[in-house]
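To start, the structure under review is shown below, and the notes come after it.
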Amino acid sequence: MRNNDRHPVFACRQCGECCRGEKGILVTEAELKALAGYLRLSPEDFAARYLVQTSLGPQLATRSGTCVFQEGSLCRVHPVKPRICREWPFLPALLAHA
């Protein structure tokens, strides 16, 4: 099968459903710096505005059950969104080989 004959397994519909839910999006130091830089903030300002400190580490804040970076059905930080957001809906922890 040629590459152009393949159909993607998943095509984003930009529905915003993946951005819903309370907490759970942990960010690494590298992700924090990338997000802060993208928004032209210092890492400290970014953390104060958009992170919640938890026992597991810093997590993206939510607003009414939705990620603070969701605007309509789109991600405001899409080019630098955290790894877990980029991998959705194919999170390695949820996938198993038969």
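The values are calculated or read from the model by the stated rules, or taken from the named source; none is laboratory data. This is a predicted model, so every value here is computed, not measured. For the accessible areas, the whole protein counts, side chains as well, though only heavy atoms, and no ligand, DNA or RNA atoms are used. Shrake-Rupley method; radii C 1.70, N 1.55, O 1.52, S 1.80 Å.
What the table shows:
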| read-out | value |
| --- | --- |
| Largest-first ordering by accessible area, 1.4 Å probe, given options Leu26, Leu35 | Leu26, Leu35 |
| Three-way shape call for segment 20-73 based on the alpha-carbon gyration tensor, with the a/c threshold at 1.5 | oblate |
| Amide H within-cut-off set for Thr66, under 5 Å, with H built and near neighbours excluded | Gly21 |
